[in-house]
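Following: one structure in C-alpha cells, then a few remarks.
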Amino acid sequence: MKLDSTKKNFKPSHLSNVFRYCPKCGSKDFSFNGEKVFSCLTCGLEYYMNPAPAVAVILQYTDGHIVLAHRKHEPRKGMLDLPGGFVDMNERVEDTVKREIWEELAVKIDKMEFIGSFPNEYVFNGISYFTCDMAFVCEIANDTVLNAADDITDAVVIRPEDIDYNQICFPSIVNILKLYCVKFLK
Ligand SMILES: [Zn+2]
C-alpha cells in the first residue's frame, strides 16, 4: 500500500515520507492516515505521531534587557534562539525550564510565568519533529552572570525593541518574542 501523504504538502522529512516499513513486523503494508497515525495492515500496529513539548525561556533582567543565544547545533546553527530545549521523558515542564537554564547559562531559576505556546516543525537529520514550544518569562537580577555552555555558543543581552527578527531561528520563537513584547512592553 502506498503511503498516503500526497494530499498534504508534507516536507520530505515528514515521517510519512521517511517510514517505509512497519517498525514492529517489517511489513510494507504500513500506511499513514494523512493526519497523525500510522497503521500496519499485517500486524495491526497503530503508531501515533505526537508533538514534542519544548520550552523557550525569556530571561528578563530587572532593567528590561533579555537574553538571546546563538545556536551551537543544527537546525539553524548560528542563528539566535531563546534559551530552552526539549522536555525529557518523565520530566515536569517547570523542571525543564530550570534544567535548561542551568545547563545553558548556569543561572538558577526559582520563579517563572507561562505566557503562551506556539507549534514548530524542527527538522533534524532529515526527520521532522513537531514541537509545541511553551514560553516562560523568568526575572533575573541585573548582576546575574551568564556562562554560555551546552547547546549555545554565546549569550546576547539585548533590549527587546532592538531584536532583528531575521536573525531568529524559528517562526515559533519569533511569535513568542512578539507575544512577550505585546504583553510585557508598555
Ligand atoms: Zn506490522
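For a modelled paramagnetic label at Leu41, 7 Å from Cα along Cα-to-Cβ, the residues of the range 10-32 in reach, with backbone nitrogen under 13 Å, are 27-32. Over the chain, DSSP H runs of length four or greater, each weighted -39,500 (n - 2.57), average out per residue to a 222 nm ellipticity of -5000 deg cm²/dmol. For the range 1-49, lysine pairs separated by 8 or more sequence positions, or belonging to different chains, with Cα-Cα distances below 16 Å total 4. Between Asn17 and Met79, the contour length at 0.36 nm per residue exceeds the Cα-Cα span by 19.6 nm. Ranked by the mean number of other Cβ atoms within 10 Å of their residues, highest first, the peptides 105-118, 125-138 fall in the order 125-138, 105-118. Ordered by 1.4 Å accessible area with all protein chains kept, Arg99, Arg76, Arg92, Arg71 run largest first as Arg92, Arg76, Arg99, Arg71.
Largest GNM mean-square fluctuation across Pro83, Pro53, Pro75, computed for the chain with C-alpha springs under 10 Å, falls on Pro75. For the range 52-184, pairs of C-alpha atoms spaced more than 22 angstrom apart make up 28 percent of the total.
Give me the angle, in degrees from 0 to 90, between the Cα long axis of helix 171-184 and the longest principal axis of the Cα atoms of the chain, rounded to the nearest 10. Computed tilt is about 40 degrees. Helix 93-105 and the long axis of the chain differ in direction by around 60°, with both axes built from C-alpha atoms. Expressed to the nearest 5 percent, the antiparallel share of DSSP beta bridges inside the chain is 70 percent.
Protection proxy ranking, highest mean first, for peptides 159-166, 28-35, 40-47: 28-35, 40-47, 159-166, where packing is the per-residue count of other beta-carbon atoms within 10 Å, averaged. Across the chain, the mean sequence separation of Cα contacts (distance under 8 Å, 6 or more residues apart), normalised by length, yields a relative contact order of 22 percent. Left without a cysteine partner by the 4.7 Å Cβ rule in the chain: Cys132, Cys138, Cys169, Cys181. Per-residue extension of 0.36 nm, minus the Cα-Cα distance of Asn142 and Lys72, leaves a gain of 22.6 nm for this segment.
The values are calculated or read from the model by the stated rules, or taken from the named source; none is laboratory data. Note that the coordinates shown come from a computational prediction; the quantities given were computed from them, not determined experimentally. Cβ sites come from the backbone with ideal geometry, for glycine too, and all protein chains shown count toward neighbours. Keep in mind that these areas ignore ligands, DNA and RNA; they rest on the heavy atoms of the full protein, side chains included. Shrake-Rupley method; radii C 1.70, N 1.55, O 1.52, S 1.80 Å.
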